[in-house]
Each structure stands twice: as structure tokens, then as C-alpha cells.
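Report on the structure given below.
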Amino acid sequence: MVGRIRLAGAALSTFLSVAVAHAEPCGSVASIAADLWKKYGEVAKQVGCYAAQAEGVPYAGCYAAASTYEKTAKEMISHWNQMAKGGWAKIGPRELEFGRRLDGTLVSVGERVFITRAPLNKDRVELRVRKTGGRAEGSVTVCKIDEKGKSTKLWDFDLEEGSKSRKLTGVQNHLLSVHLDAKGITKKFEYTLRATRE
């Protein structure tokens, strides 16, 4: 009887680990990304950098000048904070901020998602993830999401010790998301995340 309980417990543990680790990380931010893109379209029209085109990038004008992009990004900060007050960002993603160290701890099979508050005006981003503590292995998935909601996986890896970094290209006019999972029942995964635009 005890053997059966242990076997069942082990099977449940394995099932939970697999279910969480192999969730659809790129699709997990679909509704958030859609909301951000919708708002960015409104902001771009207000700022005057949106251009409806049959082909090409309708927001190209927003990325052409740093001052114009900063105007749209500033408006998106207000939108993010407003949504956070309603609980949207408290239970959902955190903002993927550039040039800043983002620390966190995942417990058991917990997860955390970071996403940019606005589409990127640069085409290259360097991303570094470091494990700083805990006994759990971490799973990291990086995705880009275009204005039509199409998500593309850019980088997917497991991190048991140390750190990994990569330069990502082709991210201009996309939202960027980073999905972290802890892979271990009752264990912690402590991490540091840093993103830099190039």
C-alpha cells in the first residue's frame, strides 16, 4: 500500500513538472500582448507617427527618431501603471526593463513572465539569465510577438547552474517576452535577468 502511494506521488510529481514545463510559453501572454498592441496603436496615432500602409511597418515613423519613440514609450508607461492598479500586472507579467537587473525567486513549479511595455525600436537585444541560488533547475523561453499576435520562439533553454546569454536579432516592431519556469517540486530557482538594447 505504501509502495503504491509513493509510486502515485512520484507519478503526480512528474506529471506536474512536465505539464508546467511544457506549457505554451509564447502563447501565455497572447491577451496581454494584444492589449499592449491595441494601446500602442492608439498612442502612435495621438503622437502622429502611425502611417497606414498596404505594405511595410505602420509604426516605422515611431522608431525613426529617438524623441518620437520616447513619447510613445512614455505614454505606454502610464497605460502599464493604470492596468497594474486594476490587478492586471500584479497577477500577470512584469515589465521587461532594459539596462536594469531584474531579480526574482520561483518556488516549486512557479513561473514568471516579463514583457516589454511597447514594441522595440531597435533590431538587436542582448539577453542574459543567471541562476543565483536554489536547488531547482530553471526553464527559460524567449519570444517575440508582432502586431497581428503572431508569436515566434527565439530562444529556449534549461538552466541548472551559472548563466547564459544571447544576442537576439529581428526584434524591431515586436514585443519581447521572457518566460521563466522552476522545474522542481518544493525547490527554489533564484535568478537575475538583464536585457540590453543594441
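The values are calculated or read from the model by the stated rules, or taken from the named source; none is laboratory data. Everything quoted here is computed from the prediction, not taken from an experiment. Every residue, glycine among them, receives a Cβ derived from its backbone with ideal geometry; neighbour counts consider all protein chains shown.
From the list 147, 126, pick out the single residue that is in contact (Cβ under 8 Å) with a residue 40 or more places away in the chain, part of a strand (DSSP E or B) and acidic (Asp, Glu).
Result of the check over 147, 126: 126.
Considering only segment 76-97, state which residues are at pLDDT below 70 and hydrophobic (A, V, I, L, M, F, W, C).
Those that are at pLDDT below 70 and hydrophobic (A, V, I, L, M, F, W, C): 88, 89, 91.
Any residue in segment 55-82 that's in a helix (DSSP H, G or I): show its pairings with residues that are surrounded by 12 or more Cβ atoms within 10 Å (Cβ to Cβ) and polar (S, T, N, Q) at Cβ separation under 6 Å, as long as the two are six or more apart or on different chains.
62/68; 62/72; 63/121; 69/121
Take the residues in segment 36-58 that are at pLDDT 90 or above and not hydrophobic (A, V, I, L, M, F, W, C), then tell me which one is farthest from residue 79 (Cα to Cα).
Per the criteria, the residue is 48.
Here are some residues: 105, 186. Which one is outside any loop (DSSP other than H, G, I, E, B), among the polar types (S, T, N, Q) and in contact (Cβ under 8 Å) with a residue 24 or more places away in the chain?
Step by step, each of 105, 186 is checked, and only 105 is outside any loop (DSSP other than H, G, I, E, B), among the polar types (S, T, N, Q) and in contact (Cβ under 8 Å) with a residue 24 or more places away in the chain.
Specify which of the listed residues (135, 124) is exposed (fewer than 15 other Cβ atoms within 10 Å of the Cβ), basic (Lys, Arg) and farther than 26 Å from residue 38 by Cα.
135
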